[in-house]
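Student: Quick one: the structure is below, questions incoming.
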Amino acid sequence: MEKNRSNCLDLLKLVLAYVIALFHCGLSVSPGPTVTVQVFFMISGFFLGKKYYTRSKADPSYRAWDYTLDHVKSIYPHYFFSCAVFFLYLLVRDVCTLVRAPSWQLLGTILRGFYNQIPDILLLQSSYYFHDSINYPLWQLSALLIAGYFLYAMLCHNERLSRELLFPAAILMIQSLLWSGVDLWANWGPLYVPLLRALSPMCIGVLTYYFSTTQVFSSLRKHKTLFSLLGLISLVTLFAYGDFHNIFLITTPLLILSCMEPDSWLSRLLGHSLFRGTGKLSYAVYLNHSFVIHFMTTQIIPRLEAMGCVVSDFLKGGLLLVLLTAYSVFTLWLVPRLVRKPVPSK
């Protein structure tokens, strides 16, 4: 399991990214956005633990700083591109409107847009204008990245101490959500601390990887039919009952392990080579969906309605999936070419 990347898990991430996009477009989908984001964080924690043990243990010189640089090279170009495109689009539109019809209110909106770009670009979060971020989903991603750096640094610095101090956060979150239905890590207003919300599910993901290295898991894998059934049940549970008493906190680790097991039914069903590369597409879909939704709902749908076209939820969802997929494929092609260093001529 440790030598292969799971196409099955990549496809799951892509589906979840579309679920989030559909929800933010006003369409009712399951699981809800909170469950979906938490599952993403658990998957990230699993790969964080996997990378720590496969890379750091094999190469002691691989430090937390190296882990950070790897993320900077692979993630931030797309992140900043997504921030810039959406912000510049809104800025040009608002400035043109301000020139045609000057108003203090619109000027304040423009200035607040600049204010909200500061935490977005610095991968922090604004505590005052909580819901005014131009690309709100990137707030969640920034929390995930910072929590990941913090956790990886703790593992590299003192693995035993990090287990004792950080991993109980995962258990506390499970207990608080399952039994009381109240997220003890939730914060509001100026006290909003998203790192805690990202750290807890990430710790669950790391614990899931630890479990995959135990003798108990090795014994479970030998019962292939039972193991495969647990994976399928976990998948159904995620999409049908994920919000029910937050049961996803228990079933998601089983789902991750089943997706990472080459011989499981899920891996055979969803892990076809045709889906190779969908992990990158899921990242692009998540980054781009706010911009695509805004452009679609303010520019395309009003024009369709003006032409007499009835825009049903089905048409709206289909249009979103087509535009979002096309734009995400385009950005995946474009961004690496924008940041690629030119080869010096001899």
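Student: Given Gly317, Gly277, Gly308, which one is under 23 Å from the mean Cα position of the chain (by Cα) and surrounded by fewer than 17 Cβ atoms within 10 Å (Cβ to Cβ)?
Tutor: Values: Gly317 fails: surrounded by fewer than 17 Cβ atoms within 10 Å (Cβ to Cβ); Gly308 fails: under 23 Å from the mean Cα position of the chain (by Cα).
That would be Gly277, the only listed residue that is under 23 Å from the mean Cα position of the chain (by Cα) and surrounded by fewer than 17 Cβ atoms within 10 Å (Cβ to Cβ).
Student: Something else now. Might you check whether a residue that is among the polar types (S, T, N, Q), assigned to a helix (DSSP H, G or I) and not assigned by TED's automatic domain parsing to the domain that holds His24 occurs anywhere in the stretch 253-272?
Tutor: Within the stretch 253-272, the first condition is being among the polar types (S, T, N, Q), and the residues that meet it are 258, 264, 267.
Of the ones still in play, those that are also assigned to a helix (DSSP H, G or I) are 258, 267.
Imposing the further condition that a residue be not assigned by TED's automatic domain parsing to the domain that holds His24 reduces the set to 258, 267.
Checked the stretch 253-272: at least one residue is among the polar types (S, T, N, Q), assigned to a helix (DSSP H, G or I) and not assigned by TED's automatic domain parsing to the domain that holds His24.
Student: Residue check: is Asp70 modelled with pLDDT of 75 or more, surrounded by 13 or more Cβ atoms within 10 Å (Cβ to Cβ), in the same structural domain as Leu151 (by TED's automatic domain parsing) and part of a helix (DSSP H, G or I)?
Tutor: Values: modelled with pLDDT of 75 or more: yes; surrounded by 13 or more Cβ atoms within 10 Å (Cβ to Cβ): yes; in the same structural domain as Leu151 (by TED's automatic domain parsing): yes; part of a helix (DSSP H, G or I): yes.
It is true that Asp70 is modelled with pLDDT of 75 or more, surrounded by 13 or more Cβ atoms within 10 Å (Cβ to Cβ), in the same structural domain as Leu151 (by TED's automatic domain parsing) and part of a helix (DSSP H, G or I).
Student: Take the stretch 197-252 and flag every residue that is loosely packed, with under 14 Cβ neighbours inside 10 Å, in contact with a Leu (Cβ under 8 Å, 6 or more places away or on another chain) and more than 28 Å from Ile20 (Cβ to Cβ).
Tutor: The answer is Leu226, and nothing else.
Student: Let me ask another. With on the phi < 0 side of the Ramachandran plot, at pLDDT below 85, in a helix (DSSP H, G or I) and not assigned by TED's automatic domain parsing to the domain that holds Asn158 as the only criterion, which of Cys83, Cys8 stands out?
Tutor: Numbers: Cys83 fails: not assigned by TED's automatic domain parsing to the domain that holds Asn158.
After ruling out the rest, the residue left standing is Cys8.
The values are calculated or read from the model by the stated rules, or taken from the named source; none is laboratory data. Just so we're clear, the structure is a prediction, and the values are computed from it rather than from any experiment. Note that each Cβ is placed from the backbone with ideal geometry, even for glycine, and that neighbours are counted across all protein chains shown.
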